[in-house]
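Report on one structure; see the data block that follows.
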Amino acid sequence: MTKPRIVAIDDEPEFIDMLESYFGLRGYEINAAVRGVKGIELVKEKNPDVVLMDLKMPGIDGDEVLKLLKSMSPSPKVIFITAYDDGGKTKARLLNMGAYACLDKPISSLKALEETVLKAATN
Amino acid sequence: MGFLYFPYSGLINAAAALVVGFFVLSKNYKSPLNRAYAFFAVCVAFWAANYFIWLMSKEYTTALFFIRLTMIGAIFIPAAFIYFVTQFVEKKRFWIHVFNIALIVVFLALSYSPLYIQRVEQRLFFPFWPVPGILFHFMLAYFVFGLVYAHTILWKAWKREEGTKKEQIKYILFGIMTGFVGGCTNYFLWYNIPFPPYLNILVSGFVVFVAYAIVKHQLMNIDVLIKKTLIFASLFAVVFGMFISITLLTQSLIAGNRFLGLAISSVIIILTVRRIENFLVNITDKYLFQKKYNYKDLLKTFTTEVLTVLELDKLVNLTVDKLTDIVKMRSAAVLLFDDEKQQFNVKASRNINDLSVTLVRPDGMLTFMDETHGYILVSELKEKNISIPDSIREITDKLNAELIIPMVLHEDVIGVLSLGKKKSDENYSQDDLDILLPLAKTLAIAISNAELFVELGRAQAEASQREKLAVIGTLSAGINHEICNPLGIARGQCEAFLLNLKDGLYKTKTDEELIEKAKGIMAKVIKETDRATAITKKLSGFAKPSKGEAEIVRIDKEVDEVFGLVGYELRLEKIEFDKRIQKDIPDLFVDKKQFQEVLFNLIRNAGQAIGDKGRITVTAKEEDGKIFIDVQDTGAGIPEDKIKLLFNPFFTTKDPGKGTGLGLFIVRQVVEKNGGKIYLKDTKVGEGTTFRVEFPIAAKERVKVSK
């Protein structure tokens, strides 16, 4: 089975670098963008199975991006990874809107993230 | 007329003797002792006054007449003095007096015969100096013998007596010795020894000593209360007389040149007038106004200037200063209870011997005060022959204290007021105690008020600190991002490497390549942990309470610093941040932490007013010697009815849990403590708000800013 294709959008290059060094070696096709707009273009271009993205980034709104991605066909699974915490309100709303998962940043382990990605891709 | 000093010394002696003699008599004219003294003084005055007239005489016959009259005075002096002395030491010596009277009668009878004084003639610069007759030698022998006899009586009495009487005798002895040493310089010329009576003025010295004994040791039971004026006047006369004498003497030594003499006296006057004035002021302080310090003045000063002070340090220092100044005591100290150390420490003092003196509970003095709430007056204890325990003696010595009064509030001794001896050496009277004891009580209330005020200030500072911490708590998103993310990334890098290694993904790599890989990861880990450390430091630096000290502060740098804390959160909310600091803007002289706190609160408030999407502009510019810092937001604006409440404590428009409402209230306090002003510059509902902070430009000197 081919590994799921991933697009990661995060404004922290260090975070992206970490994801790449893990997923890249394990045979995932991972593409990354540090800017929201660029990220959306990348999703359109690469048509990934899973999108990993930060919720709060300068110049981008999680809700809108999610709507946009959901409207795409085939639409990728969206996993939010974010430090933003408002007592679970936003998380619940996003999950309701069709996000696959909302993970806390910093992530507890890459292994767990990989499992979530795999699950999302096969689902 | 260079020798004018000599006649005038006589005049001064006469005046001084008369004044004191009259004064002593007026105090108690019925007392034999006072009468005896007055009689003696009159004799001296008679002698000295005629001495003056004799030396001023222009004709042979007048001079001869008056020197004879002068010597009649001299005949009386030993007898009068012996009479006074025997009265004073309470000895009868009836036959001595009879003998004296008999001799006086004989001398009187012969006083105008040449047997006594042959004639007058030119000796040195005295045109009419007497030439002694045969009887004069007897008279002089009698004179000297009489004085030696009186001295012996005094000397014996001095050895025998105790306490005040001993002191009184001492001063009379000193005085009479001084007086006679001065008087005796008159007799050298009689025997053709060319030494003029330079020391004649010392006869007045006797007066000074007697005056001193009257004041200090109640000589002749004279109540000193009123007549310090007189003592001052006679002292003044003596000092002034001596001064005049010096200038006249100068003129006489440089005989013939009046102008030079005048010039020299002028120089002396110019050089010494200040010292003499100081001396007189001191003397006045010491004797004249000492006891009669104005109770009203003391009360007025304390009620208007001292007791209302709310700064503890200032209050106690003022207390010590004003007390020593008004009551004119040598030393004073206020000791207050230190809760931490459980002891009384010196909080303010003047002229005490040991600043480190402490009073601890089980010690004798405190136990005594705790139990009685009473004062300790050293002179009173001495009077009642109560021996003072060494432990207490040690403390009074260290404090240089004469009177120790506990400051009692609600049955608690909260402090101790220690007062030194009065400069006049007078003892504290009941009148003094009647005013000082209630004063100590009032002071206790004032000190307790000031302490509460300090406590309140501390509570306020604590509230400010709590507020700051609360605000930091609400920064969680930003802080989380800034600290946890780097750590998460560092962790992830390590995890990825280990998992890749474990899963055999690095199999194709050589050892060197692996080490290179590991090195790269470690470098990243270090970078990330450094990032986390930096923000932690920034935060904890901000969270620390301020030192309360002003320093030179660069506005630009501090705005950046604060933006480092709130910047991420603002970006999350899509708030743009715009910094417009005028180039070369002068530095501020403020408490750095507090300044950061002000900026932090204003910027954060602005951010919250905006909510989502907007712009915060921080402008700083110099105008008319002031610095204006504006924090402008594009937020919701403040409704008119809320404007008045803005700086009230606990006023908030934020959701419950988001703000305590202390923000602007504390911001204003902090700004004002640093010498600035803060106000709402402009607000419009729906458009935004601008707060303005004004500070003066940094001055060079260091200023203590309270916390």
*asked:* Cut-off 13 Å, label point 7 angstrom out along Cα-to-Cβ of B:Thr152: give me the residues of region B:61-105 whose amide nitrogen falls inside.
replied: B:96
*Per-residue HN-Hα couplings for region B:499-504 [Karplus 6.51, -1.76, 1.60; θ = phi - 60°; Hz; x = Gly/Pro]*: 5, 4, 5, 5, 7, x
*So who's got an amide H within less than 5 Å of the one on B:Lys347, skipping anything under 5 residues away but keeping other chains? H placed 1.01 Å off N, in plane.*
B:Val334, B:Leu335, B:Leu336
_Ranked by how many other beta carbons lie within 10 Å on average, peptides B:526-533, B:68-75 from highest_ = B:68-75, B:526-533
*Mean-position separation - Cα centroids, region B:552-591 and region B:12-75, in angstrom*: 91
*Along region B:528-538, what does the Karplus equation 6.51 cos²θ - 1.76 cosθ + 1.60 (θ = phi - 60°) give for ³J(HN,Hα), rounded to whole Hz, x for Gly and Pro?*
5, 5, 4, 4, 5, 4, 4, 5, 4, 4, 4
_From the C-alpha coordinates alone, can you work out the Kirkwood hydrodynamic radius of region B:326-403, in Å?_
13.3
*asked:* At a 10 angstrom cut-off on C-beta neighbours, averaged per residue, how do the peptides B:326-335, A:105-114 rank from highest to lowest?
replied: B:326-335, A:105-114
*Phi to ³J(HN,Hα) by Karplus 6.51 cos²θ - 1.76 cosθ + 1.60 over region B:420-436, Hz, x for Gly, Pro*: x, 5, 6, 4, 7, 6, 6, 7, 5, 9, 4, 4, 4, 4, 4, 9, 6
*Shielding score for A:102-112, defined as the mean number of other chain Cβ atoms within 10 Å*: 4
*asked:* Under the rule of at least 5 residues apart or a separate chain, name every residue whose amide H is placed under 5 Å from the amide H of B:Phe128.
replied: B:Arg123
*Would you mind classifying region B:50-182 by shape? Square roots of the alpha carbon gyration tensor eigenvalues, ordered a ≥ b ≥ c; an a/c under 1.5 is rounded, otherwise it is prolate if a/b is larger than b/c and oblate if not.*
prolate
_Packing-based ranking, highest mean first, of B:424-431, B:11-18 given that Cβ atoms within 10 Å are counted_ = B:11-18, B:424-431
_Of A:Lys119/B:Lys613; B:Lys328/B:Lys382; A:Lys119/B:Lys574; B:Lys574/B:Lys673; A:Lys89/B:Lys547; B:Lys27/B:Lys328, pairs whose Cα-Cα distance is over 31 Å_ = A:Lys119/B:Lys613; A:Lys119/B:Lys574; B:Lys574/B:Lys673; A:Lys89/B:Lys547
*Run through all the Cα pairs of region B:550-706 and give the fraction in each 10 Å bin from 0, expressed as whole percent.*
11, 42, 36, 11, 1
*Partner chain Cβ atoms within 10 Å, averaged over the residues of A:10-18 - can you pull that number for me?*
5
_Which residues, if any, in region A:72-99 lose at least 40 square angstrom of accessible heavy-atom surface (probe 1.4 Å) when the other protein chains sit next to their chain rather than the chain being alone?_
A:Ala83
*asked:* Quick query: amide H of B:Leu645 versus all other amide H atoms, modeled in the peptide plane; which residues come in under 5 Å with a sequence gap of 5 or more or a different chain?
replied: none
*Provide the gained length on full extension for the span B:Thr619 to B:Asp641, in nm with one decimal, where the gain is 0.36 nm per separating residue minus the Cα-Cα distance.*
5.2 nm
*Over chain A, average the accessible area per residue using a 1.4 Å probe and give it in Å², no decimals.*
46
*Accessible surface of region B:93-195 [probe 1.4 Å, protein heavy atoms]: carbon and sulfur percent*: 76
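The values are calculated or read from the model by the stated rules, or taken from the named source; none is laboratory data. Predicted, not measured: the structure shown is a model, and the values here were computed from it. Counting neighbours? That spans all protein chains shown, and the Cβs are built from the backbone with ideal geometry, glycine included. In case anyone asks, the SASA skips ligands and DNA or RNA and just uses the protein heavy atoms, side chains included. Shrake-Rupley method; radii C 1.70, N 1.55, O 1.52, S 1.80 Å.
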